[in-house]
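Each remark here refers to the structure printed beneath this line.
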Amino acid sequence: MPTTQMMHYDAGLNAYAKVLARNASDAEDLVQETYVRAIRAMGRTQEAINMKSWLFTILRNVWRNQLRQRRNGFQFIENGVDETDTYTAVEPSKSPYALYEEKMEREELQRAILSLSVPLREIILMREYQELSYQEIATILNCPVGTVMSRLARARSKLRISLASMHEQRASYRPELTH
């Protein structure tokens with residue numbers, strides 16, 4: 001069973017696992033295996049570890065190991081960044097069309113992120129969604145901070161291009177509203 005301190009990072013680990021695995025079931029397995037390995041290693045680790053970076057590193061290593069083992073033809077199913085329907089409070093002043101537009105933008109962002117290569121997708125998720133520092137990301141990925149910064153810049157650039165293209169396509173299909 002994960003410790004209370006580990007559970008603090010559960011949502012972030014689950015989101016990261018979903019991006020890596022692209023499948024909710026495999027993501028759950030990744031997170032559970034991460035907790036198992038972390039608990040086994042608890043007695044062998046240094047007292048002053050950065051728990052968040054340590055758990056994300058374990059998760060990434062578990063995922064890489066599983067990829068190596070499954071290379072014989074198994075393909076992850078692409079279901080999106082987050083398969084669960086999230087319910088948010090609706091502002092009463094927003095029209096149904098505005099709500100639809102917001103939903104479309106979220107879906108476009110998810111598609112754009114999923115279209116990135118795994119190294120770029122990882123960087124975006126860790127920095128923008130998990131709000132890890134450049135140093136924490138460098139530690140998790142075992143690379144220099146400069147590499148993290150250049151990958152992040154490349155990922156953001158590709159996202160801008162992809163989102164601009166998606167936005168143009170959506171705008172060209174937008175029906176004219178008549179009253």
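The values are calculated or read from the model by the stated rules, or taken from the named source; none is laboratory data. This one's a predicted model, so the numbers in the text were calculated from it and none came from an experiment. Don't worry about glycine lacking a Cβ; one is built from the backbone with ideal geometry, like all the others, and counts go over all protein chains shown.
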- Would you confirm whether any residue within segment 21-44 is surrounded by 13 or more Cβ atoms within 10 Å (Cβ to Cβ), modelled with pLDDT under 85 and in a helix (DSSP H, G or I)? yes
- Task: Kindly check whether there is at least one residue in segment 139-153 that is out of contact with any helix residue (DSSP H, G or I) (no Cβ under 9 Å at 6 or more places or on another chain) and not assigned by TED's automatic domain parsing to the domain that holds residue 55.
- Result: yes
